[in-house]
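Read the figures in this text as sums done on the coordinates, not as results from a lab. Worth saying up front: this structure is predicted, and the values here are computed from it rather than measured. Here the Cβ positions follow ideal geometry from the backbone for every residue, glycine too, while neighbour counts run over all protein chains shown.
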Amino acid sequence: MNCTWTMYRQSYGGSFRYLCGLYQQQRSCSHNHVDGPLATRFALGSLRQRMLKPGLHAKLERRLEELARRHVVVDQRDVSLREKQAELDSLKIEREAVQANLARAKT
């Protein structure tokens, strides 16, 4: 807790724990490990508490709707772009046919 180094998951017995990166490198950290299941319960409890904060659900819902609307606009642009590209390809083929026909024309 004092050194603030990242802790890494490590198998330990039939379970796991989080081991301090400084301790793994130099064996100089006095708080070198944390029980894995206990740390996981603490982290999930913290997330649960944050998610149950009043107003957060509505804010999250608005944000997701905004992202969904952006995605729909992008999809519509993609469809329009694909349609225009298909039309351009068709015109190129028609132009090549006209050029070939004009090359054969005598007048």
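Tabulated data for the structure shown
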| read-out | value |
| --- | --- |
| Cα long-axis angle, helix 36-51 against the chain (0 to 90 degrees, to the nearest 10) | 60 |
| Cut-off 13 Å, label 7 Å out along Cα→Cβ of D35, residues of the stretch 1-29 by amide N | 15-18 |
| Approximate spin-label separation R104-K59, in nm, with each point projected 7 Å along Cα-to-Cβ | 7.1 |
| Fully extended contour minus Cα-Cα distance, from L47 to R69, at 0.36 nm per residue | 5.2 nm |
| Gain in span if fully extended, T4 to S28, counting 0.36 nm per residue against the direct Cα distance | 7.3 nm |
| Cα convex hull of the chain - mean projected area over all directions, nm² | 16.1 |
| Formal net charge of residues neighbouring F16 (Cβ-Cβ distance under 12 Å; K, R +1; D, E -1) | +1 |
| Sequence-separation-based contact order of the chain, relative, with Cα cut under 8 Å and 6+ spacing, percent | 13 |
